[in-house]
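Asker: This is the structure I have questions about; it appears just below.
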Amino acid sequence: MQKRSAVFGLLLWCLCVHLTCAHTEKFSTAVIIKEDEEDFGEEEKAHGTHEAQDPEDLEVFHPTNEWQTLKPGQAVPAGSHVRLNLQTGQREARLGEEKGLKYLRDGQRREMMNEQAAFLSTQKLKEALKKFKGDDTPSEKDEESVRSQFRSVDDLKRDMEALDFLMETDIQIMRKLLSQFNSTGSTVDQRVTALLDLEYLVHQVDNAQNLVSMGGMKLITDALNNTDVRLRESAAFVLGSAISSNPSVQVEALESGALQKLLNLLATRHPVSVKKKALFAVACLLHHFPFAQSQFVKLGGLQVLGELFQVQGADALRVRIVTLLYDMITEKELISQAGKDAGPDSSHQDYLQYAEYSLLPMLAEQGWCTRVPELLVSPEHDRREKALHALLAMMPHCQAQYQQIPSLSTSLSTLQKEYQKLALTEETLGEEDGYFGEILALLDSLVQKMHCEHSERSNCVPL
Ligand SMILES: *[C@@H]1O[C@H](CO)[C@@H](O)[C@H](O)[C@H]1NC(C)=O
Ligand SMILES: *[C@@H]1O[C@H](CO)[C@@H](O)[C@H](O)[C@H]1NC(C)=O
């Protein structure tokens, strides 16, 4: 019996290895700037529940040649190819034979993967779970068949070591993907696939670093102005994901000239999907990176974003643009505050870099004081919230302009009424400091500050 539970334990452990590979690695390094924030909540919830799942409830996923969405807690047969779809936040998997194993051609690895795949084939897994289920004592014959199907603990241990070894070979996979991408013999489809597979891998800090050391950063930056638009889009996607997990990759990307190329993508005619990826990569590149931010301003990034903001049908881009600007404003403020307080240390260096340009006056001059209020007409709370944050942050240089937009006061007081009601409902449901309450506080503060004389010393001197 003991032996059997050991086998069972290992079997489960093996399953878990697969589940956690697909699951946590993506999330522990989950992008700081999310490509699509709204979609991550659900996935995290799913992650939370899967651990509490009873093994016997595990549903086994049946991979096909097509990408299919995985349900939370679904067991993935070994050898499947798993990826996170950043657009939907869902995990997806497909059959490994063709896609997953094609990177594993060097004999030994392939053999091991196939063994793992056979070992964990869904049918056997189900049978095993059935057999180990509870009270009815299995007959000798059952035990025999279990033994013949599942190898000895020693065999399993050896396989586990092999599995460990397998998991350390992202580098090999990345090499193959890069050479597939770089090969003149590859079709555009194959090159795009290679990039999307790379995108999956570079979320891990080490892999992003390895991408740089393998010379991949240059290849990907070069692809940002490839003649094929699909390659431009996928390259921007890989770049953003690689940068988001690693500050030193940020530096490499900037030095490889990625910023100028991304701005070109944003400034020229491209489908919204391409612009989204490019904007994602720019946001990742600028995040907590003062030097990149000052380069961005020097290269005319604010004008590029200003024109993009006005493109028809680009609503999804507008909120991302405003969020990016808001992040720049607040980061600059934080650092300049720290710079004033501290001496000439490292944060002082940051301060000097930020101090090279003054963001708020530029934003005011380039028309952002009147652009950002346009986001308030959105019915989405999230967009309104982001607009309100940005409006407040720009107040010191935008106040006079805000006052000259007649519709702004009206829409602010309409919103105040709406959120007063929502906040009240929130409170009756027992939620103090709820989300709607927060939005209401932003609105109140904005309305108050709009009608105050701007003064360092006093909080509010009514005009
Ligand atoms: C890409 O291909 C070129 C020429 O075929 C080669 O010189 C270069 O080293 C390759 N780069 C990588 C990272 O494989
Ligand atoms: C891409 O940009 C580089 C310079 O940054 C240039 O040398 C190259 O010709 C461009 N490629 C295409 C296809 O436009």
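Asker: What are the pairs with Cβ atoms under 9 angstrom where one residue, in the range 177-188, is in a loop (DSSP other than H, G, I, E, B) and the other, located anywhere, is open to solvent by 40 Å² or more (accessible area, probe 1.4 Å) and within 16 Å of ligand 2 (Cβ to nearest atom)? Sequence gap at least six, or different chains.
Answerer: 183/191
Asker: Right, something else. If we keep just the residues of the range 309-320 that are open to solvent by less than 10 Å² (accessible area, probe 1.4 Å) and within 22 Å of the chain's Cα centre (by Cα), which is farthest from residue 368 (Cα to Cα)?
Answerer: 314
Asker: Tally the residues that are open to solvent by 40 Å² or more (accessible area, probe 1.4 Å), within 20 Å of the chain's Cα centre (by Cα) and within 16 Å of ligand 2 (Cβ to nearest atom), restricting the search to the range 258-294.
Answerer: 0
Asker: I'd like to check something: does the range 243-253 contain any residue that is outside any helix (DSSP H, G or I) and within 16 Å of ligand 2 (Cβ to nearest atom)?
Answerer: Among the residues of the range 243-253, not one is outside any helix (DSSP H, G or I) and within 16 Å of ligand 2 (Cβ to nearest atom), which makes the answer no.
Asker: Can I ask one more? Just give me the residues in the range 193-215 being in a helix (DSSP H, G or I) and either of a type in the set (Asp, Glu) or open to solvent by 20 Å² or more (accessible area, probe 1.4 Å) (or both), in sequence order.
Answerer: 193, 196, 197, 199, 200, 205, 206, 209, 210, 212, 213
Asker: A follow-up question, please. For the range 355-374, which positions are free of Cβ contacts under 8 Å to residues at least 60 places away in the same chain, open to solvent by 10 Å² or more (accessible area, probe 1.4 Å) and assigned to a helix (DSSP H, G or I)?
Answerer: Listed by number, the residues that qualify are 355, 360, 361, 364, 365, 370, 373, 374.
Asker: Same structure again: Only one of (1) touching a Leu at 6+ places or on another chain (Cβ under 6 Å); (2) modelled with pLDDT of 90 or more; (3) over 22 Å from residue 318 (Cα atoms) fails for residue 446. Which number is that?
Answerer: It is condition (3) that residue 446 fails.
Asker: If you scan the range 218-257, which residues turn out to be within 16 Å of ligand 1 (Cβ to nearest atom) and under 19 Å from the mean Cα position of the chain (by Cα)?
Answerer: Correct list: 220, 235, 238, 239, 242, 249, 253.
The values are calculated or read from the model by the stated rules, or taken from the named source; none is laboratory data. As the structure is a computational prediction, the values presented were derived from the model and not from experiment. Cβ coordinates were reconstructed from backbone atoms using ideal geometry, including for glycine residues, and neighbour counts include every protein chain displayed. All accessible areas refer to the heavy atoms of the entire protein, side chains included, with ligands and DNA or RNA removed. Shrake-Rupley method; radii C 1.70, N 1.55, O 1.52, S 1.80 Å.
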